[in-house]
1. Please give the per residue accessible area of the chain, computed with a probe of 1.4 Å over protein heavy atoms only, in Å².
2. Can you tell me the FRET efficiency between Leu26 and Gln54 if r is taken as the Cβ-Cβ distance and R0 is 30 Å, rounded to the nearest 0.05?
3. Using a 1.4 angstrom probe on heavy atoms only, work out the carbon and sulfur share of the accessible area of the chain in %.
4. Please state, to two decimals, what the Cα-based radius of gyration of the chain comes to when divided by 2.2 N^0.38 Å (N = residues).
Amino acid sequence: MMSDLSVYIDLIGNIGFPILLVFYLLNRTEKKLDTIIQLMTESLNLLKPLSQVQPT
C-alpha cells in the first residue's frame with residue numbers, strides 16, 4: 001500500500017511541473033496576443049476615416 005502511494009507522489013511530481021510550466025507559458029502568450037489584438041484594433045480604427053475620404 002505504501003509503495004502505491006509513493007508511485008502516485010512520484011507521478012504528480014514528475015507530471016505536475018511540466019503542466020504548470022505549460023499553463024504559465026500559455027498565460028504569457030495569451031497576454032501578448034491580447035496586446036497585439038488591441039494594437040491592431042486601434043490601428044484599424046485610426047485608418048478607417050482615411051479610407052472613407054473621397055478622392056477629388
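1. Working: 5620 Å² over 56 residues.
It amounts to 100 Å² per residue over the chain.
2. Working: r = 46 Å, r/R0 = 1.54.
Efficiency, rounded to the nearest 0.05: 0.05.
3. Values: 3990 of 5620 Å².
Answer for the chain: carbon and sulfur cover 71 percent of the accessible area.
4. Values: Rg = 24.6 Å, N = 56, 2.2 N^0.38 = 10.2 Å.
It is 2.42.
The values are calculated or read from the model by the stated rules, or taken from the named source; none is laboratory data. Given the structure is predicted, the values throughout are model-derived calculations rather than measurements. Counting neighbours? That spans all protein chains shown, and the Cβs are built from the backbone with ideal geometry, glycine included. The accessibility values were calculated without ligands, DNA or RNA, using every heavy atom of the protein model including side chains. Shrake-Rupley method; radii C 1.70, N 1.55, O 1.52, S 1.80 Å.
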